[in-house]
Amino acid sequence: MSAQVKGPASYFPSIEKKYGRPVAEWKELIRSSPLTRHMELVAWLKTEHGLGHGHANALVAHTFAEKG
């Protein structure tokens, strides 16, 4: 039996399905943005790219967590 995905990554399948872009592409957009604060990036994803709050928040949180 495989472990269930938890946390921000649990949103990834629905993000890819709803917005038609792979998660890696969203993460690259976040990393290449001149914005650096979590909520600024969430707001940007919502206004400029039409993501819902939960999806935008999950992408930013997961991207920031990878930075270490």
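The values are calculated or read from the model by the stated rules, or taken from the named source; none is laboratory data. Please read all numbers here as calculations on a predicted model, not as lab measurements. We place every Cβ from the backbone using ideal geometry, glycine too, and count neighbours over all the protein chains shown. The accessibility values were calculated without ligands, DNA or RNA, using every heavy atom of the protein model including side chains. Shrake-Rupley method; radii C 1.70, N 1.55, O 1.52, S 1.80 Å.
Which entries in the list 6/46; 27/67; 17/46 go over 19 Å, if you measure between the two C-alpha atoms of each? Intermediate values should be presented prior to the final figure.
On the way: 6/46 23 Å; 27/67 11 Å; 17/46 17 Å.
6/46, as the Cα separations exceed 19 Å there.
Read through the labelled values (1) -0.44, -0.65, -0.82, -0.98; (2) -0.28, -0.61, -0.99, -1.44; (3) -0.36, -0.77, -1.08, -1.21 and report the label of the one computed as log10 I(q)/I(0) by the Debye sum over Cα atoms at q = 0.12, 0.18, 0.23, 0.28 Å⁻¹ from the structure.
The calculated read-out lines up with (2).
Measuring from label point to label point, each 7 Å out along Cα→Cβ, what is the residue 64 to residue 5 span in nm?
Going by the 7 Å Cα→Cβ label model, 2.1 nm.
How tilted is helix 23-32 with respect to the longest principal axis of the chain? Cα atoms for both, answer in degrees (0 to 90, nearest 10).
30
Express the accessible area of the chain per residue in Å², computed with a 1.4 Å probe while the remaining protein chains stay in the model. Present the calculation step by step, with values, prior to reporting the outcome.
Values: 4510 Å² over 68 residues.
Using a 1.4 Å probe on heavy atoms only, each residue of the chain averages 66 Å².
What is the list of residues in the range 17-41 whose amide nitrogen lies under 15 Å from a point 7 angstrom out from the Cα of residue 47, following Cα to Cβ?
34-41
With an 8 Å cut-off on Cα pairs and a minimum separation of 6 or more residues, tell me the relative contact order of the chain in percent. Each step should come with its number before you reach the end.
Working: 44 pairs, mean separation 25.7, N = 68.
Averaging sequence separation for qualifying contacts and normalising by length gives 38 percent for the chain.
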